[in-house]
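J.: Pasting in a structure now, in structure tokens, and then I'll have a few things to ask.
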Amino acid sequence: MVLCIIRSMEAHRERFFDKVDKTDSCWLWKGCISCGYGRFTYSAKSYGSHCFSWLLAGNTIPEGHLIRHKCRNRHCVNPEHLETGTREDNMADKVRDGTVCNGSSMNSNSKLTEEQARTIRANPENKTIVQLGEQYGIHNSTVSKIILRKTWKHL
């Protein structure tokens, strides 16, 4: 089955590499980018461009693993710069590299900063949910979700 998929992928090799800028080290994806990572469509399914490159190089992805960037460049599709790892490994990479995407860094349209969310949660003046919502210009349900740690969980 995997061999059949890889053979079928070979037909898309040229289309894939038309979207790659090979530098001396990293091979930079210049096609579609979504959530900071390259995307490549093959057989009506969207793949991470780095994952597709890994498979195109004849590698496999073990069950429960994903493809990580050893070079720390999310646009790189050079299979020599990629490796498999667990989600936990990948999260440790993000923490190490300072690329964890949460809070206001995840959403540039966020109405609150981390400090404001902390203040809402602490509620030092014992304001009601309605008062906090009015103070910060957010809906009451948003205040509740912050207090109950359904949002801004990382704080």
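The values are calculated or read from the model by the stated rules, or taken from the named source; none is laboratory data. Quick caveat: nothing in here was measured; it's all calculated off a predicted structure. Note that each Cβ is placed from the backbone with ideal geometry, even for glycine, and that neighbours are counted across all protein chains shown.
J.: When you look at residue 121, is it in the same structural domain as residue 13 (by TED's automatic domain parsing) and among the charged types (D, E, K, R), yes or no? Spell out the reasoning first.
T.: Working: in the same structural domain as residue 13 (by TED's automatic domain parsing): no; among the charged types (D, E, K, R): yes.
For residue 121, the condition - in the same structural domain as residue 13 (by TED's automatic domain parsing) and among the charged types (D, E, K, R) - is not met.
J.: Considering only residues that are assigned to a loop (DSSP other than H, G, I, E, B), at pLDDT below 90 and either more than 24 Å from the chain's Cα centre (by Cα) or more than 25 Å from residue 94 (Cβ to Cβ) (or both), which ones fall in the range 1-36?
T.: Within the range 1-36, the first condition is being assigned to a loop (DSSP other than H, G, I, E, B), and the residues that meet it are 1, 11-12, 18-19, 23-26, 30-32, 35-36.
Add one more test, that the residue is at pLDDT below 90, and what stays is 1, 11-12, 35-36.
Selection gives 1, 11, 12.
J.: Within the range 37-65, can you find the residues that are among the aliphatic types (A, V, I, L, M), out of contact with any helix residue (DSSP H, G or I) (no Cβ under 6 Å at 6 or more places or on another chain) and not in a loop (DSSP other than H, G, I, E, B)? Spell out the reasoning first.
T.: We begin by selecting, within the range 37-65, every residue among the aliphatic types (A, V, I, L, M); these are 44, 55-57, 61.
If we keep only those that are out of contact with any helix residue (DSSP H, G or I) (no Cβ under 6 Å at 6 or more places or on another chain) too, we end up with 44, 55, 61.
Hit for the range 37-65 is 55, nothing else.
J.: Any residue in the range 27-53 that's over 14 Å from residue 68 (Cα atoms) and of a type in the set (Lys, Arg): show its pairings with residues that are assigned to a strand (DSSP E or B) and modelled with pLDDT under 95 at Cβ separation under 8 Å, as long as the two are six or more apart or on different chains.
T.: That search, which allows pairs on different chains as well, returns 39/33; 39/46; 39/47; 39/48.
J.: Is it true that residue 56 is among the hydrophobic types (A, V, I, L, M, F, W, C), in contact (Cβ under 8 Å) with a residue 40 or more places away in the chain and closer than 16 Å to residue 12 by Cα?
T.: yes
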